[in-house]
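Visitor: Following this message is one structure expressed as structure tokens.
Every number here is computed from the coordinates shown, using simple stated rules; none is lab data. Source: prediction; values computed, not measured. We place every Cβ from the backbone using ideal geometry, glycine too, and count neighbours over all the protein chains shown.
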Amino acid sequence: MSDVIRNIVRFALFILVQVYLLNQLHLHQYIIPYIYYLFILWLPFSIPRINLLIIGFVTGLTLDAFSMQIGVHAAACTLLAYVRPFVINILTPKDSSEFNYREPSPRAMGWTPYLVYALILTILHHFYMTFLQWLQFGNFLDFIIKVVSTTGISMLLIITVELLFPRRMKFRTNTA
Amino acid sequence: MRNVFLFIRRYFTFICFLALQVAALYLLFTYNRFHRAKGLGFANELTGRINSRYKTVDDFFHLKAENQRLHHLNDSLLNLLPSNFEKIDTATRFVRDSIPYDTLGRYRQYLWRDARVVYNTVTAEKNYIQLNKGANQGIRDNMSVINSDGSAVGVVVNVSPNFSQVMSLLHVQSKRSVVLKKSGNMGTIEWDGKDPLFLTMRNIPKSDPVQKGDTVLTSVNSNFPPGFMVGTIADIVADKSTNFYVLKLKTAANFFNLQQVHIIENLFYDEKTMLRDDTKKKIDDPKNYNR
């Protein structure tokens, strides 16, 4: 399967799971599980930054359309997409053009760097998203609790997904 | 000028990021202010289609609960039907008992309770239906059972604390009084134990203008509330030895998929049976009659 088709399928799956499964769960008013942005985390290393930004924006906008709050997720995802290359640069060896694997995964980066990568972007996403919602409604304590609890449950979800669905990626050789 | 272009090229990603960010925030702060006024219409149309697709699947899984709710509602509405009430002449009445009555002096004769079928057969010769309500819920013997679509099903013959056993119309010993809707003539229905789709109806005189497709209803002689559908006539056979027809009746209730039913209590049942037995005793054996 080519990268494009694989990612289109992933996009649809993540959005559907987020809209029809996770958004339907009523755990607690502070604990809202989010997983859809993992789609952006999983995009290939080699993707141009402009494309990454646009994909992030579109992803967020799609989820916004379902949650009837245009702009919140779009803004957060755009930020996520903008910051992603920097985080990858920090967490991986300097010559990032020589990645052995195509996209970020525990196997490609090692568990610890991958989890740090996911954690940083998760906090960023939730912080910004909750901040935008808080600007319109809410108090400060709620805001902090919400960021922390939502980050916790999302990280839990990401780890679960990584363990349940290990992506079998081919080792990239020079011939490929 | 050249420097400007260089600057733009150097920070092109960042400028893009800012542009998209501004776009997102603009959408956020304008659209949400004019709450769902214009822009969301388009998004709504798109997501609405996907959502309704999803909902058709999702609804399927909630059909059972929804069905139950509907059945509860039907039950409460059926309890309000005027045919459930018997008007009693208050001028000549001496004893007032505790049967509930409404302010117009109409006494409730039929009380409806809803129940769920937990077990049901159609293949045996003596078919019983088990319901999830029993003596603890006020169910007693001889109460009649009507399907959720208002067609006669059977009569309660035995109760345990939480369940009750219903003698289905598809029972070779079942014999119920019914009435032809068209002429108002009474007849009886029974089952020959063969085809669960058809009952046998007797005691309709040959003088009656019976036709195929005529409706047969429950009668006041039975314990059923009158006027509920039992079946339609499927075949007419003139019995040569007697003056009556033997009618083949297509059952109105679908006994193959009974799910939700109503149990109907005739609140005057005890009084009526007592009167009937008393009369019998009085006429048959007047010497020993002392009351």
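Visitor: What Rg and what Dmax come out for the stretch B:184-291 when only alpha-carbon atoms are used, in angstroms?
Guide: Spelled out, the Cα radius of gyration and Dmax of the stretch B:184-291 are 17.8, 53 Å.
Visitor: For chain B, take the longest principal axis of its alpha carbons; what is the angle in degrees between that and the long axis of helix B:39-78, to the nearest 10 within 0 to 90?
Guide: 20 degrees
Visitor: Could you compute the FRET efficiency for A:D142 and B:R116, with r as their C-beta to C-beta distance and R0 at 56 Å, rounded to 0.05?
Guide: Numbers: r = 44 Å, r/R0 = 0.79.
FRET efficiency, A:D142 to B:R116: 0.80.
Visitor: OK, next. How high is the relative contact order of the stretch B:110-266? Use alpha-carbon pairs under 8 Å, at least six apart in sequence, and give a whole percent.
Guide: 27 percent
Visitor: If each DSSP helix of 4+ residues adds -39,500 (n - 2.57) and the sum is divided by the residues in chain A, what number results at 222 nm, nearest 500 deg cm²/dmol? Write out the running numbers ahead of the final one.
Guide: Values: 7 runs with 113 residues, N = 176.
Taking each H run of at least 4 residues, the total per residue is -21500 deg cm²/dmol.
Visitor: Next question. In whole angstrom, note down how far apart the Cα centers of the stretch B:131-179 and the stretch A:2-21 are.
Guide: That distance is 54 Å.
Visitor: Just to be sure I understand: if I project the alpha-carbon convex hull of the protein assembly as shown onto a plane and average over all orientations, what area do I get in nm²?
Guide: Answer in nm², one decimal: 40.7.
Visitor: P(r) tail for the stretch A:3-164, what percent of Cα pairs lie past 22 Å?
Guide: 39 percent
Visitor: Quick one: helix A:140-164 against the long Cα principal axis of chain A, what's the angle to the nearest 10°, folded into 0 to 90?
Guide: That works out to roughly 40 degrees.
Visitor: Pairs B:K126/B:K282; B:K133/B:K175; B:K175/B:K212; B:K181/B:K206; B:K126/B:K248: which are spaced more than 27 Å apart, C-alpha to C-alpha? Before the final figure, lay out the partial values.
Guide: Values: B:K126/B:K282 36 Å; B:K133/B:K175 24 Å; B:K175/B:K212 22 Å; B:K181/B:K206 16 Å; B:K126/B:K248 19 Å.
Too far apart for the 27 Å limit: B:K126/B:K282.
Visitor: Another one. Which whole number gives the average count of other chain Cβ atoms within 10 Å of the Cβ atoms across peptide A:50-63?
Guide: The shielding value for this peptide is 3.
Visitor: Using the beta-carbon distance between B:F7 and A:L119 and R0 = 41 Å, what value does 1/(1 + (r/R0)^6) give for FRET efficiency, to the nearest 0.05?
Guide: Working: r = 34 Å, r/R0 = 0.83.
My answer for the efficiency is 0.75.
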